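Heads up, the thing below is written out as structure tokens.
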Amino acid sequence: MATTTNATTTATQQQTQSPTQQPSAEELATKALQKRYEGLMMVRTKAVKGKGAWYWSHLEPILLHNTDTGFPKAVKLRCSLCDAVFSASNPSRTASEHLKRGTCPNFNSLPKPISTISPSPPPPPSSSHRKRNSSAVEALNHHHHQPHHHHQGSYNVTPLSVVDPSRFCGQFPVTQQPHLMLSGGKDDLGPLAMLEDSVKKLKSPKTSQTRNLTKAQIDSALDSLSDWVFESCGSVSLSGLEHPKLRAFLTQVGLPIISRRDFVTGRLDLKYEDSRAEAESRIHDAMFFQIASDGWKFDSSGENLVNLIVNLPNGTSLYRRAVFVNGAVPSNYAEEVLLETVRGICGNSPQRCVGIVSDRFMSKALRNLESQHQWMVNLSCQFQGFNSLIRDFVKELPLFKSVSQSCSRLVNFVNSTAQIRNAVCKYQLQEQGETRMLHLPLDSSLFEPLYNLLEDVLSFARAIQLVMHDDVCKAVLMEDHMAREVGEMVGDVGFWNEVEAVYSLLKLVKEMARRIEEERPLVGQCLPLWDELRSKIKDWYAKFNVVEERQVEKIVERRFKKSYHPAWAAAFILDPLYLIKDSSGKYLPPFKCLSPEQEKDVDKLITRLVSRDEAHIAMMELMKWRTEGLDPVYARAVQMKERDPVSGKMRIANPQSSRLVWETYLSEFRSLGRVAVRLIFLHATSCGFKCNSSVLRWVNSNGRSRAAVDRAQKLIFISANSKFERRDFSNEEERDAELLAMANGEDDVLNDVLIDTSSV
């Protein structure tokens, strides 16, 4: 039976074969206990927030340690009501035996959840129930945390268990009956509790327990609420500000009721003016800047938001404005928008704009602007460049087309043949513990659909292979010619090698594109990025023995030339971050990494960016930089790295060092230094702010009225600059999707922790 040449399996086998030091039994036990304790604490934390069983508010996990060794020896549950300690093997059973059955002396004194009260038949008329049980308000509070039971038409409720008429001394006439039939059933308990509460307030009015806040505290709280709403940029509904629950919360904490009209008029305008003034001040303080523009790529929905962002030399970014466009736009329109943005910032000093990076229009609009303004360096977005390379592969490589067709035929056969589909589900459950239909895209010629198709086929490769050897399915394969072809294809090792080869190449480039989007590299990093890509593709050739090696190389080099700009080579040479230590101990620029054409590009670009009178001076300084480089201490200081506490990756400790060295220690290079500081800070990507789709829907639902567009632009401006200040380049919708996708996985881990108790 054929098996896939899955890289992960191979790596696992190699790891298994290599000798490793086995942990001791004591270490394993300690790790298991710690995992058990942490899992219980996570479950309890969720439950206390309302996402779990009720009993966790009374049971607390504790980790007991051995007094001699200090190692954990057991995980227990402690009752917070009576301090009793129990085994943590079955929290649900502990709750039932200790809490519900009355073992805990303090639990019975607490109000019972309303869901535990069941309808009972009326007692004999002679019985008198004068004892008043817990109030309906307390019962309802517990009811919100309990599962709902089946409602009956009406409930027999003892009147004294909810309202005691004798307390009102005749001021509130309630007909005393042995049992009161509530016509609304259980739902009447809420209004009845409110009625009781009103009577209590009238009988014995007390001072309100709402906090009395000062005007300054109220203003500060509402300002923070406004900031959150505006910075969420559509994630928080403006209409939701008038939701009854939010109003009740505001009243509870002592804040006044707010209106959405106040938010979208006065508060929005004030917040926008403050944010705008701060951004203008920062741009004014900078000697020069770069414009980044993305959103020009045509969206199938026909609704695009073009973002215009200002990148400053100190590494910060500021949002400038948003432009709403419908469908594809001509190059000359984009050129006008970009030039208008530059003039709006620079006024009579257009040289302050060093250049533009955009996700489109490199061949026309950006080149036109660069030719008209010789000091400009206009770049194409590298995130889009790598995504375009993926599209090139999918569109042009015969291997991709054949694999796409074969996998589509395989998945279509499995999904449309009942016996095969059921057998696949059986083996899916057996091998991976889950069952689902395989993904069949409508158009597998596009990257994402093709990637999902291949991922599904490889994920369930084992189940698919087992099906073809299943006795029930063999009859189907014998009767149908197409089925036999599919069966032969599944049994062919070459087929699986090709599927994994295509999937691996797509994943390789996709991961690099994702990293580019996340890290937002500067222009000096472009050449190393493409060299890294070439190296990984060579490893890919060797692993899968692909026959289309030359064609892949041709596509990569063609895309490289489309993306390339001479500034890549110049910034790579001038940025001290890429200096190489030679045998004599000097740190010299990496000219040996450039091709002869790229060396010429460095000379040409530097002479273009300085005046004619300075050109020969700049070339002399470049020669001195080439032979002498940078003092080793300063070079090492610039290249110093530290571990990122969030990602765990090694990062440059001070990214601004490269520019600051030129402006201070290397100030003798006057002409070359001015070129260097204007080049090495340039961003190689235009992606930076991701707007929520809800804002676009909001604008378009109002027919793109002037007021709607104006308010949307203000919201986007506030939100974007807030995110840039926090260096948060994510999208709320994408993070929510990841959170929902992770939820089951986290729960599965917790379930494993809760179930695996036998070894503890």
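The values are calculated or read from the model by the stated rules, or taken from the named source; none is laboratory data. If you're wondering where the values come from, they're calculated on a predicted model, not measured in any experiment. Every residue, glycine among them, receives a Cβ derived from its backbone with ideal geometry; neighbour counts consider all protein chains shown. With ligands, DNA and RNA removed, areas are computed over all heavy atoms of the protein, side chains included. Shrake-Rupley method; radii C 1.70, N 1.55, O 1.52, S 1.80 Å.
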Q: Return the FRET efficiency for the residue pair D83, R391: r is the Cβ-Cβ distance, R0 is 56 Å, and the value is rounded to the nearest 0.05.
A: 0.30
Q | Segment R558-H65, extension gain: residue separation times 0.36 nm, minus the distance between their alpha carbons | A | 171.1 nm
Q) Can you work out ³J(HN,Hα) from phi for every residue in the range 463-478, in order, using Karplus 6.51 cos²θ - 1.76 cosθ + 1.60 and θ = phi - 60°, giving whole Hz and x for Gly and Pro? A) 5, 5, 5, 5, 4, 5, 10, 6, 4, 5, 8, 4, 5, 5, 5, 6
Q) Want the number for T435 to E628: 0.36 nm per residue separation, take away the alpha-carbon distance, what's left? A) 63.0 nm
Q: Any chance you could run the full-extension gain for C593 through N106? It's 0.36 nm times the residue separation minus the Cα-Cα distance, nm to one decimal.
A: 167.7 nm
Q) Taking a probe of 1.4 Å, how large is the accessible area per residue of the range 316-452, in Å²? A) 44 Å²
Q.
For a Förster distance of 25 Å, can you work out the FRET efficiency between the beta-carbons of N654 and R608, rounded to the nearest 0.05?
A. 0.25
Q.
Going by average Cβ density within 10 Å per residue, which order do the peptides 66-72, 661-667, 386-392 take, highest to lowest?
A. 386-392, 661-667, 66-72
Q: Set the Förster distance to 60 Å, then compute FRET efficiency between I283 and K201 from the Cβ-Cβ distance, nearest 0.05.
A: 0.55
Q.
Just to check I understand the Karplus step: with θ = phi - 60° and J = 6.51 cos²θ - 1.76 cosθ + 1.60, what whole-Hz values come out for the range 670-686, glycine and proline as x?
A. 5, 6, 5, x, 5, 5, 4, 5, 7, 9, 6, 8, 5, 7, 9, 10, 9
Q) What does the charge count near L477 come to, summing +1 for each Lys or Arg and -1 for each Asp or Glu among other residues with Cβ under 15 Å from its Cβ? A) -3
Q.
Quick check: pseudo-label points 7 Å beyond the Cα along Cα→Cβ at Q34 and S331, how many nm apart are they?
A. 6.0 nm
Q.
Using a 7 Å offset from the Cα along the Cα-to-Cβ direction at both S705 and S96, what is the distance between the two label points in nm, to one decimal?
A. 5.9 nm
Q. Of all trypsin sites (Lys or Arg not before Pro) in the range 612-704, which ones are in loop regions per DSSP and have a Cβ with at most 10 other Cβ atoms within 10 Å?
A. K649
Q. Measuring with a 1.4 Å probe in the full set of protein chains, what accessible area per residue, in whole Å², belongs to the range 565-685?
A. 52 Å²
Q.
Using amide H atoms built in the peptide plane, which far-off residues or other-chain residues are under 5 Å from R321 H to H?
A. L308
Q: Please list, or write none, the aspartates and glutamates whose alpha carbon is within less than 16 Å of the alpha carbon of K604, excluding same-chain residues fewer than 8 places away.
A: E370, D613, E614, E621
Q | Karplus-derived HN-Hα couplings along the range 229-239 (A = 6.51, B = -1.76, C = 1.60, θ = phi - 60°), whole Hz, x at Gly and Pro | A | 5, 6, 6, 6, 6, x, 5, 9, 5, 5, 5
